[in-house]
1. Starting from the Cα of B:ARG203, step 7 Å along the direction of its Cβ; do the same at A:ASN421; then give the gap between the two resulting points in nm.
2. Report the FRET efficiency, 1/(1 + (r/R0)^6), for B:THR302 and A:ILE467, where r is their Cβ-Cβ distance and R0 is 56 Å, rounded to 0.05.
3. What does the accessible area of A:ILE245 come to, in Å² to the nearest 10, when a probe of 1.4 Å is used?
4. Could you derive backbone 3J(HN,Hα) for the range A:174-181 from the dihedral phi with the Karplus parameters 6.51, -1.76 and 1.60 (θ = phi - 60°), listing whole Hz in sequence and x where the residue is Gly or Pro?
5. Amide H neighbours of B:ILE286 under 5 Å, at least 5 residues apart or on other chains, H built in the peptide plane: list them.
6. Quick one: which bits of the range A:261-308 get at least 10 Å² less accessible when the partner protein chains are in, versus the chain alone, with a 1.4 Å probe?
7. log₁₀ I(q)/I(0) of the range A:85-185 at q = 0.15, 0.20, 0.23 Å⁻¹, via Debye over equal Cα point scatterers, no solvent, to two decimals?
8. Could you work out how much longer the chain between B:TYR114 and B:TYR268 gets when fully extended? Use 0.36 nm per residue separation minus the Cα distance between them, nm to one decimal.
Amino acid sequence: MALCRRKPCAASQFELLRRSRGPAPASLIGAPMSAAAAAAAPSSSWLARLIGGPRAGWVGRTPRCSPRRFESTVAEKLPRFASGNLTMDFPGGKVAFTPKMSFISESPEERAHCYRVLDEDGQPLVHGSFVQVSEQVAVRMYSEMVTLQTMDNIFYEAQRQGRISFYVTSIGEEAINIASAAALTFDDLVFPQYREPGVLLWRGFTLQEFANQCFGNRDDYGKGRQMPVHYGSNKLNYFTVSSTIATQIPHAVGAAYSLKMDEKDACAVTYFGDGGTSEGDFHAAINFAAVREAPVIFICRNNGWAISTPTADQFRSDGIVVRGPAYGVRSIRVDGNDALAMYSSVRAAREMAIGEQRPILIEALTYRAGHHSTSDDSTKYRPANEIEWWRTARDPVSRLRKWIESNGWWSDEAESELRSNVRKQLLHAIQVAERVEKPPVSDLFTDVYDLPPSNLREQEMLLRETIKRYPQDYPGEVPV
Amino acid sequence: MAAAVFQGFGASTALSLSKSFDSKRVKLPFGRSLSERRASFVVVGSDGRVVLDSSRARKLVTNAVATKGDSAAATSASKPGHELLLFEALQEGLEEEMERDPLVCVMGEDVGHYGGSYKVTKGLATKYGDLRVLDTPIAENSFTGMGIGAAMTGLRPIVEGMNMGFLLLAYNQISNNCGMLHYTSGGQFKIPIVIRGPGGVGRQLGAEHSQRLESYFQSIPGIQMVACSTPYNAKGLMKAAIRSDNPVILFEHVLLYNLKERIPDEEYVLSLEEAEMVRPGEHVTILTYSRMRYHVMQAAKTLVNKGYDPEVIDIRSLKPFDLYTIGNSVKKTHRVLIVEECMRTGGIGASLTAAINENFHDYLDAPIVCLSSQDVPTPYAGTLEEWTVVQPGQIVTAVEQLCK
């Protein structure tokens, strides 16, 4: 990590520094903008720069230290009362008071709108606003989505055949995986839950490396210590998957805090499902990110199911997107099966997160078209025809395919060639991974600490002695 | 703003803590060579006036000491050193490490401008800014998780639990992530975090605030645990913990923060895995840590008068145990008494008994005796609370029994 500029900033702390961040134009927060208006917007507008070119300059950075410590009830962030209503001063700022008693409704009259760019036939909607995607990027996104889909199918089958012990598919969520990864840079730190291998795929993790982890062989970067699909790669900035739900969310906030101190041009991104938002870690982490103005993007894959628990049993709010404003976090609801909408929203979120040093919440609506894992049979709690419908009629992969085909960037030949190539590579990767030997016994004791302490060295010695004495009781193919 | 007490200033250095504070102008002690530091200190008001000189200031702090018996710590006798309280020693160690390495940061509840509930982080927010000394909301699991995420990304955070008992809420992050991620990632991500806070039985703090978490955490693979007991080892262990690449849990004790001792001026770092020989002896090995060290030393005085020669070892390293020092002692005395504050079931004493029995069984002339608190929540009433903690009288009786 670059260790630039970590001097103490005590001097600036007590000056009332102006935050020179420009707020994103009202057009992005609020009413949608017409395509014509977007195209005609002057080149100096923030949105036009974003849409026009891949990387615009930042709006002003926020200072490292908060000047707010010794100001008491500052009402900076609350809206102003132009109407001249009488107001009360409480800790937290001014509020207008009203003699009329009314409760805020528990559910809105209309649910939050969902941002989408392509319709079901892969055609761009009229009056849409989105970040332009080049042919190269679009075709690459599609290929990776196909690769992810194929990888999921083949590894799932491998588990059924007993070749690997466990697998978790991301069927139905390929667009979320790949499109969000495409919108980030490699410097952005990713804290996944477990249904986001597409992000690794985009960053260059090879099919062989995926297979090695699933087989837990000697070439696995995790040295065979975790279940399949618990990938991790420090060089690709993808933090090792931990089975515990939502624990990665505070990790992402901590990492963003580290990036903020370093003033790096990068943000932290974390993924979690609808079920994960019920965990205490989600609440505290998003609250914290808002208070500390951390550059994090929270991407919630609302796929409707937490194993067998539908969202109606998980929460009663209007999804996850309404929770953002509850914590003071800018949020958007996106069609998670629309690759272009995912791409645009994550790009915009990234610019805001880094440029304005704030967290952003993205709720991607989708459907978990596969089972929760290979240990689950979801037909037990949901109708098989519903699963089938989402898998075929609402498949995000074929939706993007229709779009790239309509642009003349793809063809049937390319499709069959891609699919058979990927399938061949995967089968080969599995065969190779199966044959590579497992990690040796010494790897049982390394990395618990930086160096093995005496008690672990002693325990290793005891284990080796036992294996030597009773070799028939230990697996023969594991090297000692 | 309250007056602050600083070590080692010459009276001529003006220190202003008002809003026009300018760190470039002020020469703070730790940036200088440490040999320049003097034993006197000055109390400075918020407008820069010297309020008290060192002789009167010394009186200011001596009344709150909660020592029981000698603090017979091993200080280096070559240089005069400087006197301070244990919480100041922790602060000194912390500040030296923050000065030395810009990656070190602190997070916890009220650690920033409030200075920490036991004043260990006092003055740090003013010096290093709000980002390096971070006030967190009341969400222990989450800010511990934040610390772990920051550590994996390259920072060296120190997470403070306001009371160790609150870290029970952080158990998930500590066990499943802090202890585990270095291992499960195949060594790709390291977690150089320090988790510290006051624990142990205080003065009528009630059951929830009298937890001994070392017994709950000792099983977690991947973490190290140390307990400090004197200003000297507090500073040394704090520095060692920060410099270690492993996650370290540093246990402090609520009643020991005002212990006073003279510590060396020069920089020193102690080893995280070593025990401390408090009093060499021949008849019996008494193993203890944290506050019980003082009860043991008090009992030792009585024992010496009665003609016994106890060897007292402050084990300091709770995970892993320093079986080398302990073993040498057992081989010499052949009798072991463990005095701890943990509860009897599943405490540090229980593990230590098992470890010594396993490794040094042949050298023991008598079964190991372990004095611990009873398996009850700590009561609030002062007399009841006193009965749950091992007292010097019990220690004397136990030694007499053991040496019969």
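The values are calculated or read from the model by the stated rules, or taken from the named source; none is laboratory data. Quick caveat: nothing in here was measured; it's all calculated off a predicted structure. Reconstructed Cβ throughout: ideal geometry from the backbone, glycine too, with neighbour counts over all protein chains shown. Calculation scope for accessible area: heavy atoms of the full protein, side chains included, ligands and nucleic acids excluded. Shrake-Rupley method; radii C 1.70, N 1.55, O 1.52, S 1.80 Å.
1. Modelled inter-label distance: 7.7 nm.
2. 0.60
3. Roll a 1.4 Å probe over it and A:ILE245 shows about 60 Å².
4. Ordered by residue, 3J(HN,Hα) equals 5, 5, 4, 4, 6, 5, 5, 4 Hz.
5. Close amide H contacts, sequence-distant or interchain: B:GLU311, B:VAL312, B:ILE313, B:LEU337.
6. SASA drop of 10 Å² or more in the range A:261-308: A:MET261, A:ASP281, A:ALA284, A:ASN287, A:PHE288, A:ARG292.
7. -0.83, -1.12, -1.28
8. Extra length from B:TYR114 to B:TYR268 when fully extended: 52.6 nm.
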